[in-house]
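Working notes, structure below.
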Amino acid sequence: MKTHQNCLLCGNTDLQNIPTYALAYLKKCSSCGFVFSERIPTYEELTAHYDTYSRDDSISPITLKRYAELLDYFKKITNLNRIIDVGCGNGHFLKVATDLGFETHGTEFTDKAIELCEAKGIQMQKGVLNPENYDQHFDLITSFEVIEHINNPHGEVDNFHKILRKGGLVYVTTPNFDSISKHILKENWTIVEYPEHLSYYTPKTIQQLFEQHDFKTLKIETTGVSISRYQQGQAQGNTNTTAKDTSSQSIQKFKSSDENLRQKSETNPFFKFAKQTVNFGLNTFKIGDSLKGVFQKK
Ligand SMILES: [Zn+2]
């Protein structure tokens with residue numbers, strides 16, 4: 001088994017064990033606090049893992065609405081024309097951007113994803129982000145739930161810097177390792193999984209990463225608590241095995257309870273108010289499940 005000897009973020013060699021997450025090989029840097037998988041997955045391990053990914057192309061209408069709002073928000077900060085979504089999945093965010101008239105680019109690994117995205121009018125590159133594929137700079141880079149899958153954060157953010165124009169924006173989302181869900185669910189917090197996730201960020205460490213690459217932090221927020229994670233975590237705790245219940249049927253069942261709650265908070269003023277209040281508290285204490293950062297190239 002190949003392992004990292006240094007912190008992926010600051011290079012420090014004093015790495016502490018995290019007994020709760022020993023099965024996922026997690027270590028915490030004693031200097032900067034960054035948490036990551038000490039074990040380096042092989043190409044075969046990663047291929048076998050990602051082959052199990054579902055190819056479901058459905059998307060919640062509420063998510064599409066959020067994507068349009070997000071683009072509105074970026075437009076207020078800077079001039080927006082060329083957008084790239086790194087690890088764009090099935091291209092739902094970029095489809096919204098394409099329909100709004102933006103020039104859209106994406107990267108993905110599988111032929112199936114490339115095919116789905118190209119059918120949506122997105123210009124695609126296969127594989128990891130390669131700055132040499134682009135001869136013009138971007139105004140906005142987005143990367144939704146991607147950076148937790150990689151173990152070379154500096155290389156990735158350095159590439160972001162290369163393909164972005166001065167004053168351009170990066171928007172990243174990733175699970176929050178300081179979230180209240182992690183503190184409650186402990187070993188049953190389903191985010192921790194090898195080799196699915198290799199890097200685990202907090203508001204502090206994500207800010208540190210981007211600022212080391214000459215980005216200015218415009219916003220860091222943590223929002224939401226996923227009800228499905230609690231149900232999944234509970235179910236896992238109850239089954240009394242180490243195997244995770246990740247059958248697509250059971251995940252679908254759990255996810256539909258999240259979607260029901262989202263729909264209620266869209267249409268019912270009481271739920272909407274309750275959700276805003278909860279998010280305000282989660283963000284104030286930086287303990288929401290989802291960590292979102294907006295950074296600007298200096
Ligand atoms: Zn460190």
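Considering only the stretch 14-64, how many residues are free of Cβ contacts under 8 Å to residues at least 24 places away in the same chain, more than 25 Å from F109 (Cα to Cα) and either in a loop (DSSP other than H, G, I, E, B) or of a type in the set (K, R) (or both)? Number of matching residues: 5.
Determine whether the stretch 151-160 contains at least one residue that is buried (at least 19 other Cβ atoms within 10 Å of the Cβ), in contact (Cβ under 8 Å) with a residue 24 or more places away in the chain, touching a Phe, Trp or Tyr at 6+ places or on another chain (Cβ under 7 Å) and not polar (S, T, N, Q). Yes, the conditions are met somewhere in the stretch 151-160.
Considering only residues in the stretch 65-84 that are in contact (Cβ under 8 Å) with a residue 40 or more places away in the chain and in contact with a helix residue (DSSP H, G or I) (Cβ under 6 Å, 6 or more places away or on another chain), the one that is farthest from L164 (Cα to Cα) turns out to be L80.
For the stretch 192-229, residues that are aromatic (F, W, Y) and under 28 Å from D258 (Cα atoms) total 3. Scan the stretch 169-192 for residues that are at pLDDT 95 or above, of a type outside the set (A, V, I, L, M) and over 15 Å from D289 (Cα atoms) and report the count. Within the stretch 169-192, residues that are at pLDDT 95 or above, of a type outside the set (A, V, I, L, M) and over 15 Å from D289 (Cα atoms) number 1.
Out of T142, T107, report the one residue that is open to solvent by less than 20 Å² (accessible area, probe 1.4 Å) and either under 30 Å from T267 (Cα atoms) or part of a helix (DSSP H, G or I) (or both).
On the way: T107 fails: either under 30 Å from T267 (Cα atoms) or part of a helix (DSSP H, G or I) (or both).
Answer to the selection: T142.
Can you spot a residue in the stretch 176-189 that is surrounded by fewer than 22 Cβ atoms within 10 Å (Cβ to Cβ), at positive phi and in a loop (DSSP other than H, G, I, E, B)? Checking the stretch 176-189: not a single residue is surrounded by fewer than 22 Cβ atoms within 10 Å (Cβ to Cβ), at positive phi and in a loop (DSSP other than H, G, I, E, B).
A single member of K166, K162 is of a type in the set (D, E, K, R), in a helix (DSSP H, G or I), at pLDDT 95 or above and out of contact with any Leu (no Cβ under 6 Å at 6 or more places or on another chain), and it is K162. The single condition among (1) aliphatic (A, V, I, L, M); (2) open to solvent by 40 Å² or more (accessible area, probe 1.4 Å); (3) at pLDDT below 95 that L218 does not meet is (3).
Restricting attention to the stretch 77-104, the residues that are surrounded by fewer than 24 Cβ atoms within 10 Å (Cβ to Cβ), of a type in the set (G, A, S) and under 21 Å from the mean Cα position of the chain (by Cα) add up to 2.
Checking the stated criteria, K2 turns out to be more than 8 Å from the ligand (Cβ to nearest atom), touching a Lys or Arg at 6+ places or on another chain (Cβ under 8 Å) and not polar (S, T, N, Q).
Can you pull out the residues in the stretch 28-56 that are within 16 Å of the ligand (Cβ to nearest atom), of a type outside the set (S, T, N, Q) and open to solvent by 30 Å² or more (accessible area, probe 1.4 Å)?
Matches in the stretch 28-56: K28, E38.
Residues that are open to solvent by 50 Å² or more (accessible area, probe 1.4 Å) and near the ligand (Cβ under 8 Å from one of its atoms) within the stretch 7-27 comprise just one, C10. Is it true that some residue in the stretch 249-271 is in a strand (DSSP E or B), among the hydroxyl-bearing types (S, T, Y) and either at pLDDT below 80 or open to solvent by less than 50 Å² (accessible area, probe 1.4 Å) (or both)? No, that holds for no residue.
Residue-wise test of (1) within 30 Å of I18 (Cα to Cα); (2) aliphatic (A, V, I, L, M); (3) out of contact with any strand residue (DSSP E or B) (no Cβ under 7 Å at 6 or more places or on another chain).
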| site | (1), (2), (3) |
| --- | --- |
| V35 | yes, yes, no |
| E38 | yes, no, no |
| T42 | yes, no, yes |
| L46 | yes, yes, yes |
| L70 | no, yes, yes |
| V96 | no, yes, yes |
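The values are calculated or read from the model by the stated rules, or taken from the named source; none is laboratory data. A quick note: this is a predicted structure, and the numbers were derived from the prediction, not measured. Positions of Cβ are backbone-derived with ideal geometry, glycine not excepted, and every protein chain shown enters the neighbour counts. All accessible areas refer to the heavy atoms of the entire protein, side chains included, with ligands and DNA or RNA removed. Shrake-Rupley method; radii C 1.70, N 1.55, O 1.52, S 1.80 Å.
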